[in-house]
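Please read the structure below before turning to the comments.
The values are calculated or read from the model by the stated rules, or taken from the named source; none is laboratory data. Remember, predicted model here, so these are calculated numbers, not experimental data. Because the Cβ atoms are built from the backbone with ideal geometry, glycine has one as well, and the counts that use them run over all protein chains shown. For the accessible areas, the whole protein counts, side chains as well, though only heavy atoms, and no ligand, DNA or RNA atoms are used. Shrake-Rupley method; radii C 1.70, N 1.55, O 1.52, S 1.80 Å.
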Amino acid sequence: MIVPEPKFVLIDALTESPKPSPIEDFRLVRVNEYFRSMELSANSERAYRRSLSRFLGWTDKGWHILKHQDLDRYKEYLKELELSNATICQELAALKSFFNWLTIKDYITKDPTLTLIKPKIKPTTPQELSEEQVDALFAAIEKRGWHRTRDEALLRVLEHGLRASEITALDVKDYDGKRLHITEAKKDSVGFVPLLSEARIAIDAYIEWRAVEGMDVGKNSALFLSHSNRSKGKRLTYNGLYDIVKVYSKLAELEKCYPHRLRHTLATNLALSGMDSMLARRITRHRSEASYQRYSERGLDRKAEEQFWLLFDSTSK
């Protein structure tokens, strides 16, 4: 039976919620077993829990009863919510992973998601920041008072193209004075990132400042710490990093500036520089040429435009 008005179920044994029905109990046993057996990153697990919770609220059928028609109807339901195609793809990816696991474990005989087709996603254009915009972010550091030593180191690391989740996972020992070693990354894209002198100086100054402030600088401590009243001295969280960038975006009067835009900026600049894409991907840790291709295309677009103005616009001569 399809429930018209979904009541979302929190997939957490510690949450205080109304007592679930026996069939919900049984379904949750499998869901929690799935998360115990899978080695997902914290962000992936959080997203998958949300997706499975949404699906559990939509239907009361047991896992072994669900058919491919049910999944097709659920896909239509997601469209009715007016979610973006990218979000729907993420929701369906969680279901595909979970049902594949159920099939492998012999909890169900047939995977109902095998015929489920994800909606097409339009290729996104890299949203790099201009040199002036990057300068505006760093200029805003002086307005941050006590936070500025940490924030300069943080922005310098972001400038090197690290993902937000990679930065929050860094420990002091992952910095060797010349590069950062990425040991926890999206889709196992681990590796190292060489640091320019500005970043090395900023990180060294931040670690020294922390020692003076009485904060932990041990090798196993987080490289970046929170300054908020609730979690001061603890590892900076993913949300905390986003909040810091949001503050700088406002101070620098930039629209839609988020951590990943600095990753876009580095990748595009590498493409513009003419660096071999295979070598550039070692720096950005893109696993495939296809995933890096949009930056190469963006770099070509920028170069073509520059050449056009140089040849035909008399005001540029």
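Could I have the simple spin-label model distance between LYS105 and LYS250, label points 7 Å from Cα toward Cβ, reported in nm to one decimal?
A separation of 4.4 nm, rounded to one decimal place.
Need the C-alpha centroid separation for region 243-317 versus region 128-154, integer Å.
19
Using all Cα-Cα distances in region 143-211, what percent lands in each 5 angstrom bin from 0 up to the longest?
Taking all Cα pairs of region 143-211, the binned fractions are 3, 17, 29, 27, 15, 6, 2, 0 percent.
In the chain, what percent of the accessible surface is made up of carbon and sulfur (1.4 Å probe, ligands and nucleic acids excluded)?
Using a 1.4 Å probe with all protein chains present, the chain comes out at 53 percent carbon and sulfur.
Between LEU300 and SER41, what length comes free when the chain is fully extended (0.36 nm per residue of separation minus the Cα-Cα distance, one decimal in nm)?
Here the segment from LEU300 to SER41 would lengthen by 89.8 nm.
Mind telling me which of ILE108, ILE283, ILE201 comes out most flexible in a GNM of the chain, alpha-carbon contacts under 10 Å?
ILE108
Can you compute the helix-only [θ] at 222 nm over the chain? Use -39500 (n - 2.57) per DSSP H run of at least 4 residues, normalise by all residues, nearest 500 deg cm²/dmol.
-17000 deg cm²/dmol
Please find, in a Gaussian network model of the chain (springs between Cα atoms separated by less than 10 Å), the residue of ALA211, ALA199, ALA164 whose mean-square fluctuation is greatest.
Residue with maximal mean-square fluctuation among ALA211, ALA199, ALA164: ALA211.
Over region 40-85, what portion of Cα pair distances is larger than 14 Å, expressed as a whole percent? Before the final figure, lay out the partial values.
On the way: 616 of 1035 pairs.
Of the Cα pairs, 60 percent sit more than 14 Å apart.
Mind listing the Cα extents of region 90-237 along all three principal axes, in Å, largest one first?
Result for region 90-237: principal-axis Cα extents of 61, 36, 31 Å.
Among LYS61/LYS118; LYS75/LYS96; LYS67/LYS105; LYS178/LYS232, which pairs are too far apart, with a Cα-Cα distance over 24 Å?
Beyond 24 Å between Cα atoms: LYS178/LYS232.
Find, to one decimal place in angstroms, the Kirkwood hydrodynamic radius of region 247-317, where the mean of 1/r is taken over every pair of different Cα atoms and then inverted.
On the way: mean 1/r = 0.0722 Å⁻¹.
Radius from the Kirkwood sum: 13.8 Å.
By how many degrees, 0 to 90 and rounded to 10, does the Cα axis of helix 148-158 deviate from the longest principal axis of the chain?
70
Relative to the first principal axis of the alpha-carbon coordinates of the chain, what is the inclination of helix 42-58, with its axis defined by its Cα atoms, in degrees from 0 to 90 and to the nearest 10?
Between helix and principal axis, roughly 30 degrees.
Can you check how the C-alpha radius of gyration of the chain compares to 2.2 N^0.38 Å, as a plain ratio?
Rg over 2.2 N^0.38 Å, computed on Cα atoms: 1.19.
Return one number: the angle in degrees, 0 to 90 and rounded to the nearest 10, between the long axis of the Cα atoms of helix 197-212 and the longest principal axis of the Cα atoms of the chain.
Between helix and principal axis, roughly 70 degrees.
Cα atoms only: what Rg and Dmax, in Å, come out for region 195-317?
19.5, 60
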